[in-house]
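Reading through the structure tokens given below for one structure.
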Amino acid sequence: MGLLSLGTPLPWEQAKSLAHEVRQHGIEQFLHIWRSTKDRQKDRLLWGDEIEYMLISLDHENRRARLSQRGHELLTALQIEENESQKLANQTGAKPNLEALWRPEFGRYMIEGTPGHPYNSTVSELASVEANMKRRREIVSSLMKENEIILSVGSYPQLGSGDFLEPPHKANGQFSQSLFLPDEVINPHPRFRTLAANIRQRRESKVRINMPVFHDLNTPQPFVDPTIPYDRNLFAGDKEAKEGAALPDHIYMDAMGFGMGCCCLQITLQAPNVDQARRLYDQLATVGAVMMSLSASSPIFRGYLADVDCRWNVIAAAVDDRTPEERGERPLTKDRFVINKSRYGTIDTFLGADDGLFKPEYNDLPLVYDHDIYKYLLDKDIDELLAKHIAHLFIRDPLVIFEELLDQDDSISADHFENIQSTNWQNVRFKLPPPNSPIGWRVEFRPLEVQLTDFENAAFSVFTVLLARALLAFPDINLYIPVTKMDINMERAHHRDAVLDERFFFHRSCPADNQNYLAELTANEIINGCADFVGLIPIVQMYLDSISVADTVRRQIDNYILFIRGRANGTLMTAAAWMRNFVRNHPAYKFDSVVSSEINYDLAVALDEIACGRLSAPELLGAGNAA
Ligand code: ADP
Ligand code: MG
Ligand code: MG
């Protein structure tokens, strides 16, 4: 999450009436940026990662681990150095030189850390990534109390279950109206609670998240969650769970915080020019699902073991602001489109690039897009594929409008464009250069689950960067699959142990004939290679062999590659598998899918010990690798 605007967010009814205006200005802003930056060339291959952490308070006496509301307090302290050096920079022109930058996230217990400045394009810089991630952990840790820990895992096992928050608060606040999550878990910046409230109001009900429960030996069949107040009308007006929002055999969640309260690892990559950014966007989108399955770290939601290992669909449902008409449940009378997906999801359309590899049949989803915007963009000389992409993003309403920021000069601001862009949360994001800035065209790779340790986060980041560099260095590499297959892949990638058991649609390297370019491959086949596909690791190695890399750097990179290989071939466990195993082997576990407070405490302590390197976990990291 980037820097936040300050101001007064408009309530939904007012924001709604301004949606058209914001979109119009957003498009003008896009056109200004396009005209001034479309010819940028030779931008450096800068890149950076974002890691999200949750602050947890341990109560050793009562054996409880609770999410700590002090996350926000720590964040404020963490940002002091940046604010000071920014002030100094404004006065003297001296460039701030910081080890890390700290950003807010949806949860008040969350902290996001990025490197102090983007990494440069050299391969030797890749050797410094892990050390920077370690520094970030040290910097946060230096501000923590003795009983506090930070964890980087996808989903917090007990979020919304029992006594999970420090200090405790009651659920059913005015913004989320959740049966389980108090509004106090939301970051106090007004943007976040307004997002939660406006999504709920726009869709005319609370969000409905149902993740399949993991049926263990003693889990009732069907599983009907006893912690949902079905019969008692606890909260006036909340009949949704009882009336079918909560599905049997599922873990039901009813607030944005269940999704945006998850943590992830994201990587932003600058490309030399817009065309190369389009290539990265398309090609990286197709590997999102398989990479997510390798990184799975979310096996538990609201105190229950789930039958999934990943958080992605939880977030998709948690921010699904589509109205009943847009969801196709009522005929269109006041809304403009029936929309097939949440604004959080896989991309619906490729951008194409001048590598000549794109074919119209890859964009096989009947695309929902704003036809007026599309025609307007074509008139302004935007090519068809880019115009469709933008016209598709712009089917959405702006969710949070700050009153003070309504009036913008479209030739120097990107605020209205970014309002729509930044709430289209997709597996890859095509980032425009900010107006009047040295920053170029970038692509953000967004499907990865965050890893427990800095070693693993560095390995996933470095591997992704090298894959992107290889894609730019070898323009013949073609990973296109139809976008509808990407959706299927993403569904499959969620499944428990998908990394071992699932097959993913993938582009064959050597099709038997032109028609037959698709294969269904395991993660191992995609990553390590097989008869149908050369393999992502061999592609990365080919790239490394084509450039000169210092021996020490190459050894470190080879070790990351070995780790990725191990995840794909099943010799190393995902954090999700590790956590599930831990729960199922805990003496207090009753094989009923319930992750009790006591188990949650022991799990949090164990995860922290791994993350800090006090507990070696060769089954997760590989022999000889420390956190
Ligand atoms: P978001 O869009 O997720 O809010 P930001 O725009 O704040 O993210 O970007 C965050 C990431 O982008 C960080 O990892 C940062 O290091 C990286 N980054 C910053 N500048 C560049 C650049 N010019 N090229 C590539 N990555 C960059
Ligand atoms: Mg973030
Ligand atoms: Mg991001």
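General observations
- Residue match in the range 4-11 (condition: within 16 Å of ligand 1 (Cβ to nearest atom), within 22 Å of L143 (Cβ to Cβ), at pLDDT below 95 and in contact with a Pro (Cβ under 9 Å, 6 or more places away or on another chain)): yes
- Boolean, R469 is within 29 Å of P115 (Cα to Cα) and assigned to a strand (DSSP E or B): no
- Scan of the range 154-182 for residues that are touching a helix residue (DSSP H, G or I) at 6+ places or on another chain (Cβ under 7 Å) and closer than 19 Å to L74 by Cα, ordered by number: L165
- When we screen V450, V499, V462 for residues that are among the aliphatic types (A, V, I, L, M), touching a strand residue (DSSP E or B) at 6+ places or on another chain (Cβ under 6 Å) and under 30 Å from L151 (Cβ atoms), the only hit is V450.
- Residues within the range 417-474 that are within 15 Å of ligand 3 (Cβ to nearest atom), in contact with a Pro (Cβ under 8 Å, 6 or more places away or on another chain) and of a type in the set (S, T, N, Q), tallied: 2
- Residue, nearest to ligand 2 (Cβ to nearest atom), within the range 445-462, restricted to residues that are aromatic (F, W, Y) and either more than 26 Å from W312 (Cα to Cα) or buried (at least 24 other Cβ atoms within 10 Å of the Cβ) (or both): F445
- Options M291, M253: the member that is open to solvent by less than 10 Å² (accessible area, probe 1.4 Å), within 22 Å of D501 (Cβ to Cβ) and not acidic (D, E): M291
- Residue within the range 70-77 that is over 30 Å from L126 (Cα atoms), out of contact with any Ser or Thr (no Cβ under 9 Å at 6 or more places or on another chain) and modelled with pLDDT of 95 or more present: yes
- Restricting attention to the range 368-383, the residues that are of a type in the set (D, E) and under 15 Å from V274 (Cβ atoms) total 2.
- In the range 96-151, residue farthest from ligand 1 (Cβ to nearest atom) [restricted to those that are charged (D, E, K, R) and assigned to a strand (DSSP E or B)]: E148
- All of (1) in contact with a Ser or Thr (Cβ under 7 Å, 6 or more places away or on another chain); (2) surrounded by fewer than 20 Cβ atoms within 10 Å (Cβ to Cβ); (3) at pLDDT 95 or above hold for V400 with one exception: (2).
- Only residues that are touching a residue at least 12 places away in the same chain (Cβ under 8 Å), within 11 Å of ligand 1 (Cβ to nearest atom) and either assigned to a strand (DSSP E or B) or open to solvent by 30 Å² or more (accessible area, probe 1.4 Å) (or both) were counted in the range 431-444, giving 6.
- The single condition from (1) part of a strand (DSSP E or B); (2) closer than 21 Å to N436 by Cα; (3) among the polar types (S, T, N, Q) that N90 fails is (1).
- Test: residue in the range 364-379 that is within 16 Å of ligand 2 (Cβ to nearest atom) and open to solvent by less than 40 Å² (accessible area, probe 1.4 Å): no
- Counting only helices (runs of 4 or more DSSP H) wholly contained in the range 549-622, no element carries 3 or more residues that are surrounded by 17 or more Cβ atoms within 10 Å (Cβ to Cβ) and at pLDDT below 95.
- Restricted to the range 475-512, and to residues there that are in a loop (DSSP other than H, G, I, E, B) and among the β-branched types (V, I, T), the residue that is least open to solvent (accessible area, probe 1.4 Å) is I481.
- Scanning the range 145-171 for residues being over 24 Å from the mean Cα position of the chain (by Cα), under 22 Å from E81 (Cβ atoms) and open to solvent by less than 40 Å² (accessible area, probe 1.4 Å) gives a total of 1.
- Contact map, the range 258-269: first residue within 12 Å of ligand 3 (Cβ to nearest atom), second residue polar (S, T, N, Q) and assigned to a strand (DSSP E or B), Cβ cut-off under 9 Å, separation 6 or more or different chains; pairs are T268/T114.
- Selection within the range 415-430: residues that are more than 30 Å from L607 (Cα to Cα) and either of a type in the set (A, V, I, L, M) or away from ligand 2 (no atom under 16 Å from the Cβ) (or both). The member of this set that is most open to solvent (accessible area, probe 1.4 Å) is D415.
- Any strands (runs of 3 or more DSSP E) falling wholly within the range 180-275 and containing at least 2 residues that are more than 30 Å from K38 (Cβ to Cβ) and not hydrophobic (A, V, I, L, M, F, W, C): 209-212, 250-253
- Filter pass, L75 being surrounded by fewer than 21 Cβ atoms within 10 Å (Cβ to Cβ) and in contact with a Pro (Cβ under 8 Å, 6 or more places away or on another chain): no
- All positions within the range 48-87 that are within 16 Å of ligand 2 (Cβ to nearest atom) and assigned to a strand (DSSP E or B): G48, D49, E50, I51, E52, Y53, M54, L55
- Qualifying positions in the range 252-291 - polar (S, T, N, Q) and in contact with a strand residue (DSSP E or B) (Cβ under 8 Å, 6 or more places away or on another chain): Q266, T268, Q270, T286
The values are calculated or read from the model by the stated rules, or taken from the named source; none is laboratory data. Quick caveat, the model's predicted, so the values are computed rather than measured. Cβ atoms come from the backbone with ideal geometry, glycine included; neighbour counts cover every protein chain shown. Heads up: the accessible areas ignore ligands, DNA and RNA and are worked out on the full protein's heavy atoms, side chains in. Shrake-Rupley method; radii C 1.70, N 1.55, O 1.52, S 1.80 Å.
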